[in-house]
Structure formats: C-alpha cells, structure tokens
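This report concerns only the one structure given below.
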Amino acid sequence: MTPIASLNGVSKRYGALTAAENIDLELRGGETAALVGHNGAGKTTLIKLILGLVSPSSGRVDVLGCDPASSRGAALRERLGFLPENVAFHGAMTGRELLGFYARLKRRGGTEVDGLLRRVGLAEAAGRRVSTFSKGMRQRLGLAQALIGKPELLLLDEPTSGLDPASRADFYRTVDDLRAEGATVLISTHALAEIESHADRIAVLHRGRLVALGGMNELRLAAALPVRLRFTVTPCGTGRLLERLGASVEIFERSERRLEIGCPAAEKTKMLRRLGDLWQLIGDVEVKTPGLPEIYSRLVDREEAR
Amino acid sequence: MRAAFVIAGQEIRVGLRNRWIVATTLLLAALALSLTLLGSAPSGTLGADPLAIVVVSLSSLTIFLLPLIALLLSFDAVVGEQERGTLILLLAHPVARWQVVAGKFLGHAAILAIATVVGYGGALAALSLSGGGLEGDWPAFAAMLGSSVLLGAAFLALGTLASVVVRERATAAGIAVAVWLVFVLLYDMALLGILVADQGRIVGPGLLDALLLLNPADAYRLFNLTGSDSVSVYAGMSGPGESGPGTSGLTPPALLAALVAWAAVPLALATAIFARRQL
C-alpha cells in the first residue's frame, strides 16, 4: 500500500535538545496508528514535522507526495486535519463563528459547519461564546475543526486527555467511524489501555527515538513478555502442579490455593497440555496476555538499559 | 492572498465583538467634536478657516493617540495567539506564514481606518450638517484622514514586528510602550536638544531632513502642518527647509513615501522573521 506520509531518517534538534532522532516511520493509507511515549518523548514534534510547522534538522519528511515544510505545504494542509493538545480558541467568538472561520481557511462552505457541529454533539451550544464551554466541549469543537473538509490524514495530539469516560467513548466511536470511512488517523496518547483496541499499529517513542513499531502482536513478540497463567487449585495442590510444569517456569504468586506462573506466549498451550491428569486439581484457570501498558514499560525499560 | 483576507475578516469580527472598533471610533469622534467646538472659539469666525484649524488641532492629537491605539492593537497579533495556544492551530490550516502576518495587519489597519474615518469624518459631517458652516480646506482634511491611517499603519507594522520577535506577550507589550515613548515623545526632544547644542555645525538642513524622516510621527506632522498653505498659517510652522533657499527635499510626496516605508519595512521584516520561526 502506498504510504500517506513517510519520515526517512528524520531528526529534529532544538539547540542542544534532540526532540527526534533518526526516525523512520510510514503511515499507510486507511490505517489508524498510535504514537505512544512519555511526556517529551517527541510525539508532538513528529506531528509538527508532518504538518510542516517545523522542518527536520536532517532526514526527509514526505506527506501526500510533497514536503510539508516547503512553500507547497500550505496547499497540502488543505488535505490534513489537526487537533492540537490542549486545544484553545478565541473565547469571545461562538462555536459556529470559529468553525466557520476555519472552514473558510480550508475553502469550505458554511453548510459543512452545521453538519460537523451536529456530529460532535455541539449543535445546541453552537451559538454560545467558546469561553463558556467546558473542557470537553472545547475538545469536541477542536475535533469538529479537525474534521473540516474530510481530511485524508488526521493528526490528533492527546485527544482524550482531560475528558470524562463518556466523552472518551464518544471520541473513540468517531475515530472508528473515520477509519470505516477510509481516513488515515494518527493519534498520540498516554492512554495506553484505551488505544490498544482502536489502533492498527502502534509506534513507541522514547527520548526522541522510535523504540518499536507494529501491531499489538508484533509488539508483544518484541517485548517477549510472558503470558501469565493463574490457577485456582484445591488446597495444597500447587506443589504438584509446579512439579509437573517444570522448574523453568517463572512464579509470580504462590499460595495455598493460588498459583500464578509466567511462560513465553508461544508455549502457553504446551504448558497446559503438560498438566494432563492434574486438571482435576484445578478449579479455574485464567490466561492473562500482556496489554500495551505492560509491553510499553518493558520496551522502555529495555531501551533505558541499553 | 485569499487566506490573508479570511484572517483579516476574522480580526475585524473580533474587533467588533470585543468592542474595540466601537470604543476607538467613539473616542476619536468625541475628541474631534470637542476640538472642533473649542478650537473655533479663540479664532472666532471672522476670516479664519475653521477647517484648517481643525486639521491643525486634530493632527496634533492624532500624533499621540493613533500610534498608541495601533500599538495596542498589534503587539498581541502573533505572540498573543502563541500564548493562547491558537497559533499552532491556525498554522496547521492551509495558510502560509506571510499570510498570517499580512492578514493580521490588514485586519488591524481596517479597524484603524474605520475608527479614524468614521470617528473624525462623522464628527465633522455632523457639525457641518448642523449648520456649523465648515467651509474651507476639505482637501487638507481628507489628506489628514488618509495620512492618519498611514501613520497608524506604520505603528501597526512596528507593533506586529515586536509581536513576532519575542516569545512572551508581556515583553511585546513592553516593546510597544517603548516604541511609543521613543517615537512620539523622546525623539523630538532629543532632536531639539541636539540642534540647540550643535548650533548648525554638523546637523545641516540635509541631515535634519533625514532625521525627521527617521520618525514616522515627524513625517506625519510635517505632512499635515506644512502640506497646505491655509493650514500652515494656523500651525505657525514652516517646512524645515523653507527658511533656506529651497534646500529641503521634504515635499509632501516624500513625507508620504516615508510613512509608507515605515509601514512596509517593519512588516517585511516581521514576515521574514516569522517565516523562519520553528514552533
């Protein structure tokens, strides 16, 4: 598939600070990708590079076939949508006026504005000054602004920070709709557990470096985290279970009635098969595959240790 | 260019919403009215050209007021958006950097033009309609209106430049105040001091002309107080070169050109600096 945007060996330095170092990243058409990393890992810098707000110190950025920091960048941005972190607006204007202004900048008519306001659930509040808006309403206005003109590539910087659970759910529903419509979406976020099920691929950034990139399965392999098996057993059965499983398993919890062990993801079924006739000792078994939060901290720890 | 006009339109809309336009228009109209009413008292009505007196008093007032209004409008242009966090959103839209600077400048210039033309013009129109009988030098008055907007534009450009070079709104405000103090108050005092101390040894008429052009407020003053014969009578001023045998190059077109340059050069600088800014 042709990439919508690509970064080739991109570095960005601000004086002595290196915000991004030798990054290779491609965004494929139609995918939802997530940028995860701690504060200052370079997520916003990457988004700014794609928008052409900053130019790379070295390397090449290519978005929809041209360099966004060049003079052609302005025309290119007509096809992009952007929701900044902590989106802010001129408080004296109403939601409809502001959306109209951004629509005019994108050469779009006012008819689209009302539809977008309805889509993000701001139709009733559209005539009010933005200074009276709550944080969630402002964020939704920001999202409506990003959606003007059906952008081919959407860049959402920390879109769910500070939102209540209901607004978050609304937000992810919109993202899933956009994916169904064929838009390419890049979301930067700290909300690791949330993004897991909405992103096709995840890029892990740490101190300006791309530590890992791929779908959840690939990241799981890269992190080589054990799958955890949690057994509830009849009293005093844990010893016999362990004997059978072999000495090599990692033990996370052991008590009279509970046993939690870790094993490589690939050996999960082999382990269970090995138990054989000991199944009668087991009341319940729980299989816990590591989620993005665990994978992320493993990858970052490993990067730190380097 | 289209995006610049969209931004200018938004600036005007904001100016209407936060009452800037109404407030400045009313202020200028009130001052114009009171100066016209008071200004005609000492001269009486016999033989005097009331409109010329209005031009003298209004332009003296404009020199202080319009630069201040212009700087207050423009110092915030870029750095304010940056501090509010709206600049990055604006630049993520299909606009070039120069269009942001040009759009802000055009919008502010339109606000100033509306306030000046409606404020001053409206006041005088009201007076002449109510039978004040303002006969006289309307071309000089029109030239004052136009050059006032140009003076405002020069200070808008300076304010915009201040707004682009610094990272904090408070610093830009400080620079704006300093610009106003230097050009409107201190420059003339310093120039006068130098002239007195120098006694014409180094600062000849040519150098003096150049020094006067180096301040947009002086260029504006000379343009309005010496530009028309009927006005210069009441201004009690003659052009700086008139005492000598026609040595001055400060013709009205030259003064206007100086004002235009004072708007164009800072604006071009601001555009160039902003274009290279990494956000």
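Could you grab me the full set of residues in the range B:1-25 that are assigned to a helix (DSSP H, G or I), surrounded by fewer than 15 Cβ atoms within 10 Å (Cβ to Cβ) and more than 9 Å from chain A (Cβ to nearest Cβ)?
Within the range B:1-25, B:16, B:22, B:23 qualify.
Inspect all residues belonging to the range A:25-32 and state whether any of them is closer than 18 Å to residue A:211 by Cβ and without any contact (Cβ under 8 Å) to a residue 40 or more places away in the chain.
Yes.
Do we find that residue A:86 is closer than 30 Å to residue B:15 by Cα, out of contact with any strand residue (DSSP E or B) (no Cβ under 8 Å at 6 or more places or on another chain) and modelled with pLDDT under 90 in this structure?
In short, yes.
Taking the range A:230-281, which residues are touching a helix residue (DSSP H, G or I) at 6+ places or on another chain (Cβ under 7 Å), among the aliphatic types (A, V, I, L, M) and in a loop (DSSP other than H, G, I, E, B)?
none
Take residue A:69 and decide whether it is part of a strand (DSSP E or B), among the hydrophobic types (A, V, I, L, M, F, W, C) and more than 8 Å from every other protein chain (Cβ to nearest Cβ).
Answer is no for this residue.
Of all residues in the range A:1-47, which are in a strand (DSSP E or B), more than 14 Å from chain B (Cβ to nearest Cβ) and of a type in the set (D, E, K, R)?
Matches in the range A:1-47: A:21, A:24, A:26, A:28.
Here is a check on your reading of the model: is residue A:143 more than 26 Å from the chain's Cα centre (by Cα) and under 26 Å from residue A:188 (Cα atoms)?
Considered against the rule, which asks whether it is more than 26 Å from the chain's Cα centre (by Cα) and under 26 Å from residue A:188 (Cα atoms), residue A:143 comes out as no.
With A:144, A:75, A:92, A:169 as the choices, which residue is surrounded by fewer than 18 Cβ atoms within 10 Å (Cβ to Cβ), within 14 Å of another protein chain (Cβ to nearest Cβ) and part of a helix (DSSP H, G or I)?
Sole residue among the options that is surrounded by fewer than 18 Cβ atoms within 10 Å (Cβ to Cβ), within 14 Å of another protein chain (Cβ to nearest Cβ) and part of a helix (DSSP H, G or I): A:75.
So residue A:149 passes all but one of these: (1) assigned to a helix (DSSP H, G or I); (2) within 14 Å of chain B (Cβ to nearest Cβ); (3) farther than 26 Å from residue A:36 by Cα. Which condition number does it fail?
It fails just one condition, (1).
List every residue pair whose Cβ atoms sit under 8 Å apart, with the two residues 6 or more apart in sequence or on different chains, where the first one lies in the range B:2-14 and is farther than 16 Å from residue A:94 by Cα and the second, anywhere, is aromatic (Phe, Trp, Tyr) and not in a helix (DSSP H, G or I).
From residues that are farther than 16 Å from residue A:94 by Cα, there are no pairs.
With A:116, A:105 as the choices, which residue is free of Cβ contacts under 8 Å to residues at least 40 places away in the same chain and more than 11 Å from chain B (Cβ to nearest Cβ)?
That would be A:116, the only listed residue that is free of Cβ contacts under 8 Å to residues at least 40 places away in the same chain and more than 11 Å from chain B (Cβ to nearest Cβ).
Return only the number of the condition from (1) within 15 Å of residue A:87 (Cα to Cα); (2) surrounded by fewer than 17 Cβ atoms within 10 Å (Cβ to Cβ) that residue A:158 does not satisfy.
(2)
Considering only residues that are surrounded by fewer than 20 Cβ atoms within 10 Å (Cβ to Cβ) and not in a helix (DSSP H, G or I), which ones fall in the range A:215-225?
A:215, A:224
So the check is Cβ under 7 Å with 6+ separation or different chains; which pairs have a first residue in the range A:128-141 that's over 20 Å from residue A:171 (Cα atoms) and a second one that's part of a strand (DSSP E or B)?
Within 7 Å, the pairs are A:128/A:94; A:129/A:94.
I'd like to verify a number: residues in the range A:279-299 that are surrounded by 13 or more Cβ atoms within 10 Å (Cβ to Cβ) and either in contact with a Gly (Cβ under 8 Å, 6 or more places away or on another chain) or of a type in the set (Phe, Trp, Tyr) (or both), how many?
Residues that pass the stated criteria total 3.
State whether one or more residues within the range A:244-252 are of a type in the set (Asp, Glu) and at pLDDT 85 or above.
Within the range A:244-252 (the criterion being of a type in the set (Asp, Glu) and at pLDDT 85 or above), the answer is no, since none of the residues qualifies.
If only one of A:98, A:122 is assigned to a helix (DSSP H, G or I) and crowded, with 18+ Cβ neighbours inside 10 Å, which one is it?
A:98
The values are calculated or read from the model by the stated rules, or taken from the named source; none is laboratory data. Since this is a predicted model, take the numbers as computed values, not measurements. Reconstructed Cβ throughout: ideal geometry from the backbone, glycine too, with neighbour counts over all protein chains shown.
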